[in-house]
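A.B. asks: Let me give you the structure first, and then I'll get to my questions.
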Amino acid sequence: MKYDKSYRGLSSSDAAGALSTFGKNKLTERKGESPVKLFMGQFSSVLVIILVLAALVSFILGETIDAVAIISIVILNAVLGFVQEYRAEKALGALKKIMSPAARVVRDGEEIVVQASDIVPGDLVLLEAGDKVPADGILTESFSLRADESALTGESFPSEKGVDADKGEDVTIADRTNRVFMGTSITYGRAKFVVEKTGMDTEIGKIAGLIQEPKIMKTPLQEKLDAFGKDMSKVILLVIASIFLLGVYEGVNAFRMFLASVSLAVAAIPEGLPAVVTTSLALGVYRMSKQGAIVRKLPAVETLGATTVIVSDKTGTLTENEMTVRKIYTPSKAYEVSGIGYKTEGGFTPAAGDDLDLLLTAGVLCNDSSVFAQNGEVRVVGDPTDISILVAAAKAGLRKEALSREYERKHEIVFDSERKRMSVVVSTPSGETVYVKGAIDILLDLCSKERKGGKETKLTEERKSEITKTSESMASEALRIIAIAYKNYAGNDYDEGKVESDLVFLGFVGMIDPPRPEAKESIKTCKAAGIKPVMITGDHKITAVAIADELGFPEGRVITGNELDELSDEEFGKIAGEIYVYARMSPQHKSRIVKALQKMGEVVAMTGDGVNDAPALRMADIGVAMGVTGTDVAKEASTMVLTNDNFATIVSAVREGRGIYDNIRKFIFYLLSCNTGEVFTVFFAILLGSTVMKDLALPLTAIQILWMNLLTDGLPALALGVQPPEKDIMSRKPRDKKEEMVNRRTLFDIVFVGISIALITLAVFLGNIGDVRKAQTAAFTTIVFLQLFHSINSQSDKSIMKAGLSNRYLAFAILTSFVLQLAVVYVPALDIVFDTVPLPAGDMAGIILISSLIIPIVEMKKFALRKADVG
């Protein structure tokens, strides 16, 4: 059905029927998982299941303290994971907040106010400046209407709207100039529109649907830990079965072998791993919050460290989202304007003169926006284009408040998309003056003179051509051009034809939404770290390319939304890696881009602040929302929020993420090499007992193994989790997403250290074999001290001679664990519990010296591997 200005809206009965048919004008919410289900889901990890089984085994063995400690760790992780995931379920609730609570409609031929949720298709809605659009619809009347659609389109400028030819839905939202959309804001003018779509059928409703659709993907860390847990379960079962069968085959008591096998299983499980992972991530989150980044999901920190592509919305993320006049042309001079955004600090090069002052005065008086100070900060109201002119004038000392008192506005001819200009008539001491601003091609046709050096001269066709070429050159720099003219007026009426004829051309201003100063350096750093920056915007291609070039984006292909629509997924997938700028994009495009990059194996971080970013933020490996200018929708759909809206904060987050992953690998290496040493120690002893030395006692008892795990897998491992990032961390390329948590080199290191620990421990054990309890005490203390010294090795893949003991938390952990182990040996009440005997001071000194040998042994291994790599 076609609508025009004769349409009078619905009757009350028709509206009631439509409400019954179409339902409420609101966004429906996906039914999320119940809190109970979310909490129970935290226990589905294979590693967590193994830990619970280990706790049960410990309880059966009578080690209640160890069992309670393990279960406490599991519950702590479950609570932390539950809190993070529960918050993520609130994304759609925030989307509702951007809807207008009430709207003016015409029903039964009368204007009434209704709740926005009661609006139905067919309603005739009235709009004016400051209103939020309550539904999607087509305009029937429009008077200079402009709408801020940046939340949907990413456009820097308000869209000019009018009752023009219907372009249908095959064009982008930004090009549907005869339609308005739910959730956008009216910045200028007034209009009437007929509602076509409500609720989930609107464009913003489609976004709500997109937010519901994508499945939350696991982060690389979660995938690696799950894989690690499965591998560990296989190893543990193999160890238990092989040790048990070997012992029974050799005639060892079956119950004794069962206890030994279970002890090995408990030793093999790195029960400190989940606590260390959570602590490392939580501390990383704390450090990042101090730098302006709030992480809503702990694993997201590590994911950002693996990022290979950052997909960023232009407006408000890479740019200031504050239109700024950069250049001004007058017939006598061209000016450069300094300053950024709406701050009035800045000036002109060359210095301002009379011609520039007159141009700026005209721009201020022919202007319905305002700039004012409030609580020490600059506040603005109105159209961004007009605001930028007011700010430029303020830099020349021309304030609207003062000029408006001096020059009274007598008449106004409003701007609209067809006229492309605005005119005012003001009274001056010498009579009335007309000021006009608008599109340069329109104004040049209305001008017969130009003002140059304080004098008015004839504006020839040759001069018009020169001025046009100058404006085109400025426009090629992505500057938006607004021309300004004036004339003294002595007419008796304000007929449009008389007011806007024979004007005097004053010049034009060029403005742009400027890049953030810190964004350029951040992009440079990202490129050095092997991360590809990609820009997505609703702006035109020429604007997008100019901003990208100024920011230092890498060279590559540029594509528009319409061009992307013409490509199949297969065709797009072939070129997605070459594109660095996407212009005139819609929300659906952004999700498609993220999906294509992920299909290529990229780890994608998506930054943004508008409603239009929400689906892609949720789909991306990590979504980064702007906290100051960002909508609630974007924040709730994201995994990380930048509280300072500073693109540079992402660089800090990348560094933090890489450092955390490094630390996770370091303490996994530490835990596994230590636990492998424990396994080899018991395994080699059983082999000796079944071959060379019959009936050889086990060097470690079950309670000693459990205590050793708590001691060495606790504080030292936690301290390694907060190791400061290495200096070269941002000069490395991103790690491969498919890289194993424990690769061949790490596995070799683990086995090498494990065998070294086992051989040294067994040597001490056999050296004291005449007294079994003393031998076990010596072996027990030796293996604990070996692991404590080995934590020093684990700080870096480099030589510790260069790295040093740079982690004060590790130093404290080693000292504390050392003291606790001495207490187990020398405190009477404890030696009974742990089956130990006091060792002579000389023996203890010898054990400390022998245990420290693990440091030079590992140093020699590092040196040999470095030589092999160089060779």
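A.B. asks: Tell me which of these ARG451 doesn't satisfy, since it passes every other one: (1) farther than 21 Å from ARG409 by Cα; (2) open to solvent by 50 Å² or more (accessible area, probe 1.4 Å).
C.D. replies: Of everything listed in (1) farther than 21 Å from ARG409 by Cα; (2) open to solvent by 50 Å² or more (accessible area, probe 1.4 Å), ARG451 misses just condition (2).
A.B. asks: All but one of (1) modelled with pLDDT of 95 or more; (2) crowded, with 16+ Cβ neighbours inside 10 Å hold for LYS458; which doesn't?
C.D. replies: All conditions pass for LYS458, except number (2).
A.B. asks: Are any residues in the range 718-743 at pLDDT 80 or above, closer than 23 Å to PHE812 by Cα and among the small types (Gly, Ala, Ser), and if so, which ones?
C.D. replies: ALA719
A.B. asks: Which of the residues that make up the range 549-607 are outside any strand (DSSP E or B), farther than 20 Å from ALA634 by Cα and open to solvent by less than 10 Å² (accessible area, probe 1.4 Å)?
C.D. replies: LEU551, GLY561, LEU564, PHE572, ALA576, LEU597 - these are the residues of the range 549-607 that are outside any strand (DSSP E or B), farther than 20 Å from ALA634 by Cα and open to solvent by less than 10 Å² (accessible area, probe 1.4 Å).
A.B. asks: Which ones in the range 531-548 are open to solvent by less than 80 Å² (accessible area, probe 1.4 Å) and either part of a strand (DSSP E or B) or of a type outside the set (Gly, Ala, Ser) (or both)?
C.D. replies: Of everything in the range 531-548, those that are open to solvent by less than 80 Å² (accessible area, probe 1.4 Å) and either part of a strand (DSSP E or B) or of a type outside the set (Gly, Ala, Ser) (or both) turn out to be ILE531, LYS532, PRO533, VAL534, MET535, ILE536, THR537, ASP539, LYS541, THR543, VAL545, ILE547.
A.B. asks: So, one more: So, of the residues in the range 808-837 that are under 14 Å from VAL722 (Cα atoms) and out of contact with any helix residue (DSSP H, G or I) (no Cβ under 6 Å at 6 or more places or on another chain), which turns out to be surrounded by the fewest Cβ atoms within 10 Å (Cβ to Cβ)?
C.D. replies: Filtering first and then ranking leaves ARG808.
A.B. asks: Right, something else. Count, please, the residues in the range 827-871 that happen to be in a helix (DSSP H, G or I) and farther than 20 Å from THR761 by Cβ.
C.D. replies: The number of residues fulfilling the criteria is 15.
A.B. asks: Which of the residues spanning the range 702-722 are open to solvent by 10 Å² or more (accessible area, probe 1.4 Å) and either assigned to a loop (DSSP other than H, G, I, E, B) or not hydrophobic (A, V, I, L, M, F, W, C) (or both)?
C.D. replies: GLY714, VAL722
A.B. asks: Take the residues in the range 372-384 that are under 16 Å from PRO514 (Cβ atoms) and either in contact with a strand residue (DSSP E or B) (Cβ under 6 Å, 6 or more places away or on another chain) or surrounded by fewer than 22 Cβ atoms within 10 Å (Cβ to Cβ) (or both); name whichever of them is modelled with the highest pLDDT.
C.D. replies: Among residues in the range 372-384 that are under 16 Å from PRO514 (Cβ atoms) and either in contact with a strand residue (DSSP E or B) (Cβ under 6 Å, 6 or more places away or on another chain) or surrounded by fewer than 22 Cβ atoms within 10 Å (Cβ to Cβ) (or both), the one modelled with the highest pLDDT is VAL380.
A.B. asks: Just to be sure, is LYS452 of a type outside the set (Phe, Trp, Tyr), touching a residue at least 60 places away in the same chain (Cβ under 8 Å) and closer than 24 Å to PRO350 by Cβ?
C.D. replies: Yes: the conditions hold for LYS452.
A.B. asks: Something else about it: List pairs: first in the range 728-754 and closer than 14 Å to ARG658 by Cα, second open to solvent by less than 40 Å² (accessible area, probe 1.4 Å) and charged (D, E, K, R), Cβ under 8 Å, 6+ apart or cross-chain?
C.D. replies: ILE729/ARG658; ILE729/ASP662; MET730/ARG658; ARG732/ARG658; MET741/LYS224
A.B. asks: Name the one entry in TYR826, TYR809 that is of a type in the set (Ser, Thr, Tyr) and over 25 Å from ARG658 (Cβ atoms).
C.D. replies: None of the others qualify; the one that does is TYR826.
A.B. asks: Name every residue in the range 107-122 that is without any contact (Cβ under 8 Å) to a residue 24 or more places away in the chain, exposed (fewer than 13 other Cβ atoms within 10 Å of the Cβ) and not charged (D, E, K, R), in order of residue number.
C.D. replies: Answer for the range 107-122, where residues must be without any contact (Cβ under 8 Å) to a residue 24 or more places away in the chain, exposed (fewer than 13 other Cβ atoms within 10 Å of the Cβ) and not charged (D, E, K, R): ILE112, VAL113.
A.B. asks: Suppose the filter is out of contact with any helix residue (DSSP H, G or I) (no Cβ under 8 Å at 6 or more places or on another chain), under 30 Å from LEU139 (Cα atoms) and modelled with pLDDT under 90; does SER430 pass it?
C.D. replies: Against the criterion (out of contact with any helix residue (DSSP H, G or I) (no Cβ under 8 Å at 6 or more places or on another chain), under 30 Å from LEU139 (Cα atoms) and modelled with pLDDT under 90), SER430 does not qualify.
A.B. asks: Still on this structure, please answer the following. Test of understanding: among SER312, SER338, which residue is open to solvent by 50 Å² or more (accessible area, probe 1.4 Å), of a type in the set (Ser, Thr, Tyr) and within 24 Å of LEU479 (Cα to Cα)?
C.D. replies: Of the residues listed, the single one that is open to solvent by 50 Å² or more (accessible area, probe 1.4 Å), of a type in the set (Ser, Thr, Tyr) and within 24 Å of LEU479 (Cα to Cα) is SER338.
A.B. asks: Assess whether LYS487 counts as being closer than 14 Å to LEU446 by Cα and open to solvent by less than 50 Å² (accessible area, probe 1.4 Å).
C.D. replies: yes
A.B. asks: Here's another thing I want to ask about it. Would you check if there is a residue in the range 502-513 being more than 21 Å from SER369 (Cβ to Cβ), more than 39 Å from the chain's Cα centre (by Cα) and open to solvent by 20 Å² or more (accessible area, probe 1.4 Å)?
C.D. replies: yes
A.B. asks: I've got another one for you. Answer with yes or no whether GLN776 is in a loop (DSSP other than H, G, I, E, B), surrounded by 20 or more Cβ atoms within 10 Å (Cβ to Cβ) and either among the polar types (S, T, N, Q) or in contact (Cβ under 8 Å) with a residue 60 or more places away in the chain (or both).
C.D. replies: Spelling it out, it is not the case that GLN776 is in a loop (DSSP other than H, G, I, E, B), surrounded by 20 or more Cβ atoms within 10 Å (Cβ to Cβ) and either among the polar types (S, T, N, Q) or in contact (Cβ under 8 Å) with a residue 60 or more places away in the chain (or both).
A.B. asks: Kindly indicate whether any position in the range 845-862 is of a type outside the set (Asp, Glu) and within 39 Å of the chain's Cα centre (by Cα).
C.D. replies: yes
A.B. asks: Answer yes if at least one residue in the range 471-478 is hydrophobic (A, V, I, L, M, F, W, C), buried (at least 17 other Cβ atoms within 10 Å of the Cβ), touching a helix residue (DSSP H, G or I) at 6+ places or on another chain (Cβ under 7 Å) and farther than 30 Å from SER586 by Cα, and no otherwise.
C.D. replies: Scanning the range 471-478 turns up no residue that is hydrophobic (A, V, I, L, M, F, W, C), buried (at least 17 other Cβ atoms within 10 Å of the Cβ), touching a helix residue (DSSP H, G or I) at 6+ places or on another chain (Cβ under 7 Å) and farther than 30 Å from SER586 by Cα.
A.B. asks: Right, ILE757: modelled with pLDDT of 95 or more, touching a His at 6+ places or on another chain (Cβ under 8 Å), in a helix (DSSP H, G or I) and open to solvent by less than 50 Å² (accessible area, probe 1.4 Å) or not?
C.D. replies: yes
A.B. asks: So how many residues does the range 734-754 have that are touching a Ser or Thr at 6+ places or on another chain (Cβ under 6 Å) and open to solvent by less than 20 Å² (accessible area, probe 1.4 Å)?
C.D. replies: 3
A.B. asks: Within the range 391-406, can one find any residue that is open to solvent by less than 40 Å² (accessible area, probe 1.4 Å), more than 26 Å from ALA351 (Cβ to Cβ) and within 41 Å of the chain's Cα centre (by Cα)?
C.D. replies: Within the range 391-406 (the criterion being open to solvent by less than 40 Å² (accessible area, probe 1.4 Å), more than 26 Å from ALA351 (Cβ to Cβ) and within 41 Å of the chain's Cα centre (by Cα)), the answer is no, since none of the residues qualifies.
A.B. asks: Same structure again: So which residues in the range 620-650 are assigned to a helix (DSSP H, G or I), hydrophobic (A, V, I, L, M, F, W, C) and under 18 Å from VAL295 (Cβ atoms), if there are any at all?
C.D. replies: ALA634, ALA637, ALA648, ILE650, listed by residue number.
A.B. asks: Quick test for you: out of SER423, SER427, SER417, pick the one residue that is touching a residue at least 60 places away in the same chain (Cβ under 8 Å), surrounded by fewer than 19 Cβ atoms within 10 Å (Cβ to Cβ), in contact with a strand residue (DSSP E or B) (Cβ under 7 Å, 6 or more places away or on another chain) and not in a helix (DSSP H, G or I).
C.D. replies: Among SER423, SER427, SER417, only SER417 is touching a residue at least 60 places away in the same chain (Cβ under 8 Å), surrounded by fewer than 19 Cβ atoms within 10 Å (Cβ to Cβ), in contact with a strand residue (DSSP E or B) (Cβ under 7 Å, 6 or more places away or on another chain) and not in a helix (DSSP H, G or I).
A.B. asks: Identify all residues within the range 341-353 that are open to solvent by 70 Å² or more (accessible area, probe 1.4 Å) and either closer than 23 Å to ALA519 by Cα or hydrophobic (A, V, I, L, M, F, W, C) (or both); write none if there are none.
C.D. replies: Correct list: LYS343, GLU345, ALA351.
A.B. asks: Shifting gears a bit: With modelled with pLDDT of 80 or more, within 12 Å of VAL311 (Cβ to Cβ) and of a type outside the set (Gly, Ala, Ser) as the only criterion, which of LEU642, LEU617 stands out?
C.D. replies: After ruling out the rest, the residue left standing is LEU617.
The values are calculated or read from the model by the stated rules, or taken from the named source; none is laboratory data. Every value quoted in this text rests on a predicted model; they were computed, and no experiment measured them. Methodologically, a virtual Cβ is constructed for each residue, glycine included, from the backbone with ideal geometry; neighbour enumeration extends over all protein chains shown. The protein model used for the area step is the full one, side chains on, heavy atoms only, and it has no ligands, DNA or RNA in it. Shrake-Rupley method; radii C 1.70, N 1.55, O 1.52, S 1.80 Å.
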